[in-house]
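The values are calculated or read from the model by the stated rules, or taken from the named source; none is laboratory data. Just so it is clear, the structure is predicted and the values come from calculations on it, not from any experiment. When we count neighbours, we look across all protein chains shown, and the Cβ atoms used for this are built from the backbone with ideal geometry, even at glycine. Protein only, heavy atoms only, side chains kept; ligands, DNA and RNA dropped before computing areas. Shrake-Rupley method; radii C 1.70, N 1.55, O 1.52, S 1.80 Å.
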Amino acid sequence: MTTNNKPYCIEALLLAAGESKRFNGNKQLAIIDEKPMLAHTLRMLVQSEFDAVTVVLGANAIVIKEALNQIIADLAVVGKIKTNINAIIAEQWQQGMGASIAAGIKNVTAEMTHVFIGLNDQVEIRAEQCNLMITESQKYPDKIVAAFYNGKISAPAIFPRAHFAELALLNDDKGARDILRSNMANIVCLDLPEGARDIDTKTDLLS
C-alpha cells in the first residue's frame, strides 16, 4: 500500500502471552461460540487489511502454539488467509505486556512502516474497526492512531516506525500506556466502544 506517495506497510501484533491469573486457566483457548478465543481474534486480523500478523506467545506457549497451528490450518481451508502469519515467544513475558510488545517489535521486518498492537481478549473488535483504524493511519501516517473508550485512550493502537525504538524498550506490565500519554498531541483518537469489553475472568465469558 502507498499513502501520500510514500510506502505504507502494516503488521499486526496480537498479544497473547499472559498467564491470565484472574481467569484461572488458559484464557487464550477459552471457548467462545464453540471456538477458542484465539481463533476469533486471529480470524478478525486476517480479515483486516494487514500485511502481516504476528502472534506473541508466552505462558503455555507450547499448548497455544499447537492450537494456533490448527487455527491457521482451519482458516486456510475456508480461504480466509491472505496475510503472512507468524508466532513468536516473548522470553520475558513474565514481566508483563510491555515485554510482549517489545518482543513483537523486535521481530517486525524492515519493510513495515507501522505496527498495530491488539489484545487477544478484546473479543468484540471486528475487521471493520481494524480497517477504520488503518484508514486513519494512512491519512495521518506520522501520527499514532488509538482507540478511545471508557473515557481513555488505549489498545488497540497503531504506531508509526518513529516509535518502534521506544516500544522495543518496554519491559513492564503497563504496555504502551506511557508512550500514549507522552504523545497526546500526536494521537488520532477513534471512538471504539467495542474495545471496552475484554475477558478477564470466566464470568466475563457469560456477559
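Annotations for the structure displayed:
- Pairs, first of a type in the set (Lys, Arg) in the stretch 105-123, second assigned to a loop (DSSP other than H, G, I, E, B), C-beta under 9 Å, six or more apart: LYS106/ALA168
- LYS139 satisfies every condition listed in (1) more than 28 Å from ALA30 (Cα to Cα); (2) open to solvent by less than 60 Å² (accessible area, probe 1.4 Å); (3) not polar (S, T, N, Q) except (2).
- Selection of the stretch 1-15 for residues being buried (at least 19 other Cβ atoms within 10 Å of the Cβ) and at pLDDT below 95 yields an empty set.
- Test set (1) at pLDDT 95 or above; (2) touching a Lys or Arg at 6+ places or on another chain (Cβ under 8 Å) - GLN138 fails condition number: (2)
- Restricting the stretch 156-176 to residues that are modelled with pLDDT of 95 or more and charged (D, E, K, R), the residue that is least open to solvent (accessible area, probe 1.4 Å): GLU166
- Residue in the stretch 107-126 that is under 13 Å from the mean Cα position of the chain (by Cα), farther than 25 Å from LEU170 by Cα and polar (S, T, N, Q) present: no
- Of all residues making up the stretch 177-195, the number that are under 17 Å from the mean Cα position of the chain (by Cα) and open to solvent by less than 30 Å² (accessible area, probe 1.4 Å): 5
- Qualifying residue in the stretch 53-73 (condition: open to solvent by 10 Å² or more (accessible area, probe 1.4 Å) and more than 15 Å from ALA87 (Cβ to Cβ)): no
- Residues that are β-branched (Val, Ile, Thr) and surrounded by 23 or more Cβ atoms within 10 Å (Cβ to Cβ) were ranked within the stretch 87-131; the one that is nearest to ALA52 (Cα to Cα) is VAL115.
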